[in-house]
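Here the structure comes first, spelled out in structure tokens, and everything after it is commentary.
No lab work stands behind these numbers, since they all come straight from the coordinates. These figures come from a predicted structure and were not determined experimentally. Don't worry about glycine lacking a Cβ; one is built from the backbone with ideal geometry, like all the others, and counts go over all protein chains shown.
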């Protein structure tokens, strides 16, 4: 029994894709370039690396965050690692004819509000899940948001507010979108925003970045982009 207890378990053989998922999950960038090169050399298309490794890892991170096993620092590290993989694959993604995005999202912090950390996290997570994100920044007017949504043929608009005094700006954007004839879904979030408020202005509420990604996927699919 003593011998059995002292004996070390053999280290499991890790494939490049398993290792890549794990390094993204842990937010470790050092070995990402080598693993990506190894997968490309083995014939993996860039989009397969994104789907099978990056998004798979982020989905797991999202589960761990929801379960309170991971917290915001780990979420940020994992998102940054995933973003790094995207950067490493930019050339290959541009060359792949099948490289299509999951939808176009215009995101902004509403007029009068200069807080954008939460919005930046959501934008990063959305990009890492294959969306084309047009981030307009902070303190953005409803007119600019609507004009950009029209010009970019957006599938969804994401809005953030961290002050009760600026929260009505979300209602202004929703109203302006409808006046412009745009029936695209609107996703809102921020420290002061509640599900009840989102419902009252005809928007959808996301409590955090992980939920924002899931809702964006559902809303864009429900809105008819699934055929693309």
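Among 23, 115, rank each residue by its count of other Cβ atoms within 10 Å, from fewest to most, as a rough exposure measure. Don't skip to the answer; put the middle values down first.
Values: 23 21, 115 16.
By the 10 Å Cβ count, ascending, the order reads 115, 23.
For the stretch 13-95, the relative contact order works out to 41 percent when only alpha carbon pairs closer than 8 Å and six or more residues apart are counted. Taking the fewest neighbouring Cβ atoms within 10 Å as the starting point, the ordered list for 102, 160 is 102, 160.
What is the diffusion coefficient of the stretch 39-85 in µm²/s, taking the Kirkwood radius over Cα pairs and the Stokes-Einstein relation at 10 °C with a viscosity of 1.306 mPa s?
Working: Rh = 11.3 Å.
For these conditions, the coefficient is 140 µm²/s.
Rounded, prolate or oblate: which fits the stretch 38-125, taking a ≥ b ≥ c as square roots of the Cα gyration tensor eigenvalues, rounded meaning a/c under 1.5, else prolate when a/b beats b/c?
Values: a/c = 2.56, a/b = 1.43, b/c = 1.78.
Taking the square roots of the gyration eigenvalues as a ≥ b ≥ c, the stretch 38-125 is oblate.
Under a Gaussian network description of the chain, with springs only between Cα atoms under 10 Å, the residue in 95, 120, 128 that fluctuates furthest is 95.
Return 47, 125, 167 ranked ascending by Cβ neighbour count within 10 Å, so the fewest neighbours appear first. Could the numbers behind the result be given before it?
On the way: 47 16, 125 26, 167 21.
The most exposed by this proxy come first: 47, 167, 125.
For the chain, the longest principal axis of the C-alpha atoms and the axis of helix 117-128 are separated by about 60°. Separation of the stretch 106-124 from the stretch 158-228 is 13 Å, based on Cα centroids.
With axes computed from alpha carbons, what is the tilt in degrees of helix 142-151 against the longest principal axis of the chain, rounded to the nearest 10 within 0 to 90? Its long axis makes an angle of about 60 degrees. Compared with the alpha-carbon gap, the fully stretched path from residue 143 to residue 101 is longer by 12.6 nm at 0.36 nm per residue.
What is the stretch 162-211 by shape, rounded, prolate or oblate, if you read a ≥ b ≥ c off the alpha carbon gyration tensor as root eigenvalues and call it rounded for a/c under 1.5, prolate for a/b larger than b/c, and oblate otherwise? Because a/c hits 1.5 or more and a/b fails to exceed b/c, the stretch 162-211 counts as oblate.
Tell me, what does the Kirkwood hydrodynamic radius of the chain come to in angstroms if you use every pair of distinct C-alpha atoms? All intermediate terms of the calculation are to be shown ahead of the outcome.
On the way: mean 1/r = 0.0530 Å⁻¹.
Hydrodynamic radius (Kirkwood, Cα pairs) of the chain is 18.9 Å.
Against the chain, whose longest principal axis comes from its Cα atoms, helix 72-88 is set at around 80 degrees.
A Gaussian network model of the chain, with springs between Cα atoms under 10 Å, assigns the largest mean-square fluctuation among 62, 34, 158 to 34.
Can you tell me, using C-alpha contacts under 8 Å and at least 6 residues apart, the relative contact order of the stretch 77-195 as a whole percent?
Working: 186 pairs, mean separation 33.1, N = 119.
The value is 28 percent.
Give the shape of the stretch 77-170 as rounded, prolate or oblate, defined through the alpha-carbon gyration tensor: a ≥ b ≥ c are the square roots of its eigenvalues, a/c under 1.5 means rounded, and otherwise the shape is prolate if a/b is larger than b/c and oblate if not. Before the final figure, lay out the partial values.
Details: a/c = 3.26, a/b = 1.65, b/c = 1.98.
The shape class here is oblate.
Between 29, 91, 119, the Gaussian network model of the chain with springs among Cα atoms under 10 angstrom shows the greatest mean-square fluctuation at 91.
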